[in-house]
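What follows is one structure encoded as structure tokens, with my remarks underneath.
Rule-based calculations on the coordinates, nothing more; no lab input. These numbers were taken from a predicted model, which means no experiment stands behind them.
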Amino acid sequence: MPPMESESWNPTHRKVRDEWSTQRFSLRGSAGLVVAVGVVAVLLIALPAYRWFFLFSVVIGLVIAGGLALWHRLRPIKEKDVGHKRPLGL
């Protein structure tokens, strides 16, 4: 049986490896949202303890968001509160 060639000496293997390294898999926009919702749904179904964690996280997030919305409604940002918008003059 002939000795096996190393990966570094096999030009076809290197070509395939280089092609794989240049290809990228990305989820952007609505595809990423669908994957994120799917992962959360699977975790909610599969792990009962995760349901409580998710519920408490959503409640805390809603309380903080409501508090911030109320704060900014009662104390709107005025023009004088905003710093120099173009410090470089561009």
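As a size descriptor, the averaged projected area of the C-alpha convex hull of the stretch 34-76 was calculated at 3.7 nm².
Applied to the stretch 64-69, the Karplus parametrisation 6.51 cos²θ - 1.76 cosθ + 1.60 on θ = phi - 60° returns per-residue 3J(HN,Hα) values of 5, 5, x, x, 5, 4 Hz, with x for Gly and Pro.
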